[in-house]
Amino acid sequence: MAYEYKCVPTPTGFSVSSQEGEAKAAQGFAKFITQNCNDGWEFVSMGQITVTTVPEPPGCLPALLAMIGLVKLQTATDTPYNMLVFRRQK
């Protein structure tokens with residue numbers, strides 16, 4: 001059986017009162033998953049990927065200034081993202 005997949009970034013957070021706690025947060029997360037289960041899509045799993053952002057190469061002057069220590073060049077940064085994975089039959 002052949003499937004197609006889609007990945008949806010998870011919400012970054014839910015705001016709940018301390019009295020509602022994790023049960024309310026879990027309900028909000030379940031609602032988000034349910035909203036994405038349409039048109040035959042079914043929830044498969046949640047996973048994490050790390051995206052590395054590489055800055056644009058500097059021009060001549062910034063590179064020269066960095067060599068003599070007057071400026072600091074940007075470095076690559078890694079950002080983790082949580083993804084919900086859905087599938088449906090092709």
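All of the numbers you see were taken from the coordinates with simple rules; none came from a lab. All figures in this text were calculated on a predicted structure; none of them were measured in a lab. Note: ideal-geometry Cβ built from the backbone for every residue, glycine included; neighbour counts use all protein chains shown.
Worth a mention:
- Cα-projected label distance for GLU20 with VAL71, points at 7 Å along beta-carbon direction, nm: 4.7
- Nitroxide proxy distance, nm - points 7 Å out along Cα→Cβ at CYS60 and ALA2: 5.4
- Taking the three principal axes of the alpha carbon atoms in the chain, the coordinate ranges are 57, 45, 16 Å, sorted in descending order.
- Adding -39500 (n - 2.57) for every DSSP H run of four residues or longer, then dividing by how many residues the chain holds, sets the calculated 222 nm ellipticity at -8500 deg cm²/dmol.
- Order of ILE49, ILE33, ILE68 under a 10 Å beta carbon neighbour criterion, fewest first: ILE68, ILE49, ILE33
- Listed residues SER15, PRO55, ALA26: farthest to the positive end of the dipole of the chain (Cβ charges): ALA26
- Sequence-distant residues sharing a close amide H with VAL71 (under 5 Å, placed H): ALA66
- Taking a straight Cα-Cα cut-off under 21 Å and skipping sequence neighbours fewer than 8 places away in the same chain, the lysines within cross-link reach of LYS6 are LYS31, LYS90.
- Take the Cα of THR50, step 7 Å toward its Cβ, do the same at THR12, and the gap between the two points is 2.1 nm.
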